[in-house]
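Enquirer: My structure is below; once you've seen it, I'll send some questions.
The values are calculated or read from the model by the stated rules, or taken from the named source; none is laboratory data. All figures in this text were calculated on a predicted structure; none of them were measured in a lab. Cβ sites come from the backbone with ideal geometry, for glycine too, and all protein chains shown count toward neighbours.
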Amino acid sequence: MRIENIVRAITLILAPVVMVSSCAVFLNGLQSRYNSLSDRLRQMHRERLKILRKTNKPVDEALAAVTGIYAIRLNELDKQLPKLLYRFSMMRNAIVTLQIAIATFVLSMFVIAAATLTGFILIAIAAEFIFLLGTAILLTGVLITTREVYRSHREVRYEIYDGLRAGTHGSLNPEPER
């Protein structure tokens, strides 16, 4: 084995290393967002249970016993929790997708090294395919995240305008979507 081959293998492996680093930075942001969604879900669920407990009624009667502003908030929570849970699942899917992309890039490093050291063209083609597969998987994670961010914006708008409408007896018309 010649030193030139080793240097060449290391040079070729740098592209997947950069992709792994990029994925790790992106994954860190997604993990933070995922934790924030988790905290928000738990907080909203606790708020819902607290409202129901204030009625001092049995579980099967508590929902019907909620009145006033608590009924409005309970209605908001009942609409928002399933949507937030769906976004939470989307974020989990994006995180898992990025972790798979990282594993694929790491695998491509080993295949690139094998192709460089052996000189077999089929291994080189496999290395390129695996690297491109990792890139496609990364793109999938980005698209899932983009969709989740779009839904997040819609749901925050809903919460704000629903709250504003509650104080104006439904006469407030929301701004057009931007």
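Enquirer: Run ASN75 past the list (1) buried (at least 16 other Cβ atoms within 10 Å of the Cβ); (2) modelled with pLDDT under 95 and report the number of the one that doesn't hold.
Expert: It is condition (1) that ASN75 fails.
Enquirer: Collect the residues in region 1-32 that are over 17 Å from GLY134 (Cβ atoms) and among the polar types (S, T, N, Q), keeping them in residue-number order.
Expert: Within region 1-32, ASN5, THR11, ASN28, GLN31, SER32 qualify.
Enquirer: Hey, among the residues in region 1-22 that are under 23 Å from ALA124 (Cβ atoms) and among the small types (Gly, Ala, Ser), which one's surrounded by the most Cβ atoms within 10 Å (Cβ to Cβ)?
Expert: Filtering first and then ranking leaves ALA9.
Enquirer: Just to check your reading of the model, which residue among ALA103, ALA166 is at pLDDT below 90, surrounded by 12 or more Cβ atoms within 10 Å (Cβ to Cβ) and either hydroxyl-bearing (Ser, Thr, Tyr) or farther than 22 Å from THR11 by Cβ (or both)?
Expert: ALA166
Enquirer: Determine whether ARG87 is part of a helix (DSSP H, G or I) and surrounded by fewer than 16 Cβ atoms within 10 Å (Cβ to Cβ). Please lay out each step first, then the result.
Expert: Values: part of a helix (DSSP H, G or I): yes; surrounded by fewer than 16 Cβ atoms within 10 Å (Cβ to Cβ): no.
Taking the combined requirement at face value, the residue does not satisfy it.
Enquirer: Out of (1) under 29 Å from the mean Cα position of the chain (by Cα); (2) within 30 Å of VAL7 (Cα to Cα); (3) surrounded by 14 or more Cβ atoms within 10 Å (Cβ to Cβ), what's the single condition that is false for VAL25?
Expert: Exception for VAL25: condition (3).
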